[in-house]
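Engineer: Below: one structure in structure tokens.
The values are calculated or read from the model by the stated rules, or taken from the named source; none is laboratory data. Everything numeric in this text was worked out from a predicted model, so none of it was measured. All Cβ positions, glycine included, derive from the backbone under ideal geometry; neighbour counts span all protein chains shown.
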Amino acid sequence: MDFQDGILQGVAFRRAKWSGGPIVPEIVILHDTASRLTPGAAARDLADNDRKVSAHFVIERSGALTQLVPIHQAAYHAGQSSYHGREKCNEYSIGVEIVNPGRMTRFSVCEAQAWYGERFDIDELGIQEVTTPEHGHGLWMPYTESQLNTLLDLLPALFRAMPSLKDITAHWYVSPGRKTDTNPLFPLEQVRSHVFGREDPVDKAVKIASQPAHADDLVMIHAPEDSLNLRRWPSFNPNVIGQIPDGAVVPVLREGVFDGRHWLRVLYGGREGWIVARYADPLTEQENLS
Ligand SMILES: [Zn+2]
């Protein structure tokens, strides 16, 4: 991902009606659109509305990215806000909007309802009922893996293009009590450690709870579909980082039991990640030699 004149090359650009003067961005503020999930709807609204709101980027549920404002120009996404005592965050931040319905309420046993009336199947979308001191109570929709993957591409590109950037935060952090986005299911700490290269607190806990595998252990993947998900953490949260094709043979680096399920940390395509152990068959020594 490369920028030219503050505009990301190779992705959709749609100039927002509302943008401000030049800025030297120091922080990235992450948001939820609190909108319908219809592809393009949130980007259209943030590009053209009469409420004087805009943002630099919008990430669709599919992971598709649209830029609305060049990154050296202010966008109107944070409103009344303060970061470590400094007000008016729009004057020194990049705003990234992630498409999500925002806080929902329970409509029935199996349905959650967004503020604008749309209803979603709780099981199908993995919606969770969570209360935090910052967000209060609500039903919340998880972000998609594609959204998180796009974000994890975009953020390092932004930090490379803008050496003035120092931190990644969320709207609830800079507008406490007034805003709740991003929602409680957003893995902010993991995203920050990924971009800043610190050891992830989750990674550390996983390392302590798992054991190194025997040297030279190889397994053959037998995927339920054509391929098996390679995951960043041994869990089914949105964290898929790759696919291993059925029949591939991969080395095992670590193993452990998490949430009652046996997981293996393997290396595939130069990437380390976790797979569910029951989709991997140990190779016998004979096969190992051949
Ligand atoms: Zn927001």
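Engineer: Looking at Glu118, Glu129, Glu124, Glu111, can you tell me which residue is touching a helix residue (DSSP H, G or I) at 6+ places or on another chain (Cβ under 7 Å) and at negative phi?
Structural biologist: Of Glu118, Glu129, Glu124, Glu111, the one residue that is touching a helix residue (DSSP H, G or I) at 6+ places or on another chain (Cβ under 7 Å) and at negative phi is Glu111.
Engineer: I would also like to ask the following. Could you tell me whether Leu158 is in the same structural domain as Val266 (by TED's automatic domain parsing), surrounded by 18 or more Cβ atoms within 10 Å (Cβ to Cβ) and either at pLDDT 85 or above or in contact with a Leu (Cβ under 7 Å, 6 or more places away or on another chain) (or both)? Walk me through how you get there before you give the answer.
Structural biologist: Working: in the same structural domain as Val266 (by TED's automatic domain parsing): no; surrounded by 18 or more Cβ atoms within 10 Å (Cβ to Cβ): yes; either at pLDDT 85 or above or in contact with a Leu (Cβ under 7 Å, 6 or more places away or on another chain) (or both): yes.
Against the criterion (in the same structural domain as Val266 (by TED's automatic domain parsing), surrounded by 18 or more Cβ atoms within 10 Å (Cβ to Cβ) and either at pLDDT 85 or above or in contact with a Leu (Cβ under 7 Å, 6 or more places away or on another chain) (or both)), Leu158 does not qualify.
Engineer: Testing Gly40 on (1) on the phi > 0 side of the Ramachandran plot; (2) surrounded by 16 or more Cβ atoms within 10 Å (Cβ to Cβ), one condition comes back false. Which one is that?
Structural biologist: Gly40 satisfies all of (1) on the phi > 0 side of the Ramachandran plot; (2) surrounded by 16 or more Cβ atoms within 10 Å (Cβ to Cβ) except (2).
Engineer: Then there is this: In region 48-64, what residues are under 20 Å from the mean Cα position of the chain (by Cα) and surrounded by fewer than 22 Cβ atoms within 10 Å (Cβ to Cβ)? Before the answer, list the steps.
Structural biologist: Kept after step one, since they are under 20 Å from the mean Cα position of the chain (by Cα), are these residues of region 48-64: 55-64.
Selection gives Arg61, Ser62, Gly63, Ala64.
Engineer: Determine whether region 123-146 contains at least one residue that is closer than 19 Å to Ala34 by Cβ, of a type in the set (Phe, Trp, Tyr) and surrounded by 22 or more Cβ atoms within 10 Å (Cβ to Cβ).
Structural biologist: Looking through region 123-146, at least one residue is closer than 19 Å to Ala34 by Cβ, of a type in the set (Phe, Trp, Tyr) and surrounded by 22 or more Cβ atoms within 10 Å (Cβ to Cβ).
Engineer: Give region 253-273 a look and list any residue that's farther than 20 Å from Lys204 by Cβ and in contact with an Asp or Glu (Cβ under 9 Å, 6 or more places away or on another chain), or say none.
Structural biologist: Passing the criteria: only His262.
Engineer: Restricting attention to region 91-119, and to residues there that are surrounded by fewer than 20 Cβ atoms within 10 Å (Cβ to Cβ) and either of a type in the set (S, T, N, Q) or part of a strand (DSSP E or B) (or both), which single residue is farthest from the ligand (Cβ to nearest atom)?
Structural biologist: Ser108
Engineer: Then there's this: Which one is farthest from Thr33 (Cα to Cα) among residues in region 165-191 that are part of a loop (DSSP other than H, G, I, E, B) and among the β-branched types (Val, Ile, Thr)?
Structural biologist: Thr180
Engineer: Counting only residues that are assigned to a loop (DSSP other than H, G, I, E, B) and touching an Asp or Glu at 6+ places or on another chain (Cβ under 8 Å), how many does region 44-62 have?
Structural biologist: We begin by selecting, within region 44-62, every residue assigned to a loop (DSSP other than H, G, I, E, B); these are 48-56, 60-62.
Subset that is touching an Asp or Glu at 6+ places or on another chain (Cβ under 8 Å): 55.
Looking only at that region, the number is 1.
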